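Here the structure comes first, spelled out in structure tokens, and everything after it is commentary.
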Amino acid sequence: MFTRMSDINRLFGTMNLLQKKLDNIYGDYGRPSAYRWELEQAAPRTNLYEHGDHFEIRAELPGIEKDDLNVKIQGNYLEITGERRSNAPDGYKTHKTERGIGSFSRSFTLPSDVDSTKVEATLKDGVLYLTLPKHEAAKPKKISIG
């Protein structure tokens with residue numbers, strides 16, 4: 001039996017709502033913040049757009065440096081991996097952490113192949129912008145009728 005990712009996202013969303021309701025009743029008394037059921041901490045929120053002869057991806061990566069990111073593309077498979085590091089100053093004690101730390105990975109199967117030699121990537125204000133030109137074989141061709 002295969003489970004769709006949207007079903008898993010819905011499950012984690014429901015669990016997160018339950019935890020928020022319990023937090024409103026009991027607060028954070030005696031419970032470490034590491035027990036969050038949020039899937040969003042594991043993978044960046046991402047939008048995928050198609051515009052003519054290219055795709056564009058925007059991924060939210062607040063606090064991530066470009067040296068901590070890896071983007072790989074092969075055909076129509078895209079993978080974004082990286083690591084969120086703790087930003088607590090030395091000597092400070094952490095009382096609450098809502099922004100997760102550790103490794104993350106996000107992968108996509110794009111609707112068509114991409115020309116990996118022409119991919120452009122920019123990290124600006126915590127958002128990763130990827131411009132992914134379609135491979136020539138994937139672009140629509142106009143056929144003239146004789």
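Could you please let me know if residue 81 is exposed (fewer than 12 other Cβ atoms within 10 Å of the Cβ) and not in a loop (DSSP other than H, G, I, E, B)?
Details: exposed (fewer than 12 other Cβ atoms within 10 Å of the Cβ): no; not in a loop (DSSP other than H, G, I, E, B): yes.
No; evaluated as a whole, the condition is false for this residue.
Here's the yes/no breakdown for (1) more than 28 Å from residue 20 (Cβ to Cβ); (2) in contact with a strand residue (DSSP E or B) (Cβ under 7 Å, 6 or more places away or on another chain); (3) free of Cβ contacts under 8 Å to residues at least 60 places away in the same chain:
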| residue | (1), (2), (3) |
| --- | --- |
| 62 | no, no, no |
| 66 | yes, yes, yes |
| 81 | yes, yes, yes |
| 97 | no, no, no |
| 102 | no, yes, yes |
| 119 | yes, yes, yes |
| 127 | no, yes, no |
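Which of the residues belonging to the range 61-78 are part of a strand (DSSP E or B), under 14 Å from the mean Cα position of the chain (by Cα) and loosely packed, with under 15 Cβ neighbours inside 10 Å? Spell out the reasoning first.
Kept after step one, since they are part of a strand (DSSP E or B), are these residues of the range 61-78: 69-74, 77-78.
Next, from what is left, pick out any that are under 14 Å from the mean Cα position of the chain (by Cα): 69-72, 78.
Result: 70, 72.
Are any of the residues in the range 68-77 acidic (Asp, Glu), in the same structural domain as residue 132 (by TED's automatic domain parsing) and within 17 Å of residue 118 (Cβ to Cβ)? Break it down into steps so the answer makes sense when it comes.
First, pick out the residues of the range 68-77 that are acidic (Asp, Glu): 68.
Subsequent filtering for residues that are in the same structural domain as residue 132 (by TED's automatic domain parsing) retains 68.
From what is left, the residues that are within 17 Å of residue 118 (Cβ to Cβ) are none.
No - not one qualifying residue is present in the range 68-77.
From the set of residues in the range 114-144 that are part of a loop (DSSP other than H, G, I, E, B) and at pLDDT below 90, which is farthest from residue 87 (Cα to Cα)? Step through it out loud before you land on a result.
Filtering the range 114-144 for residues part of a loop (DSSP other than H, G, I, E, B) gives 115, 119, 125-126, 135, 139-144.
Checking the rest, the ones that are also at pLDDT below 90 come to 135, 139-144.
On the way: 135: 40, 139: 44, 140: 47, 141: 50, 142: 53, 143: 56, 144: 59 Å.
Filtering first and then ranking leaves 144.
The values are calculated or read from the model by the stated rules, or taken from the named source; none is laboratory data. Here the structure is a predicted model, which is why all the values come from computation and not from measurement. As a convention, Cβ positions derive from the backbone with ideal geometry for all residues, glycine included, and neighbour counts pool all protein chains shown.
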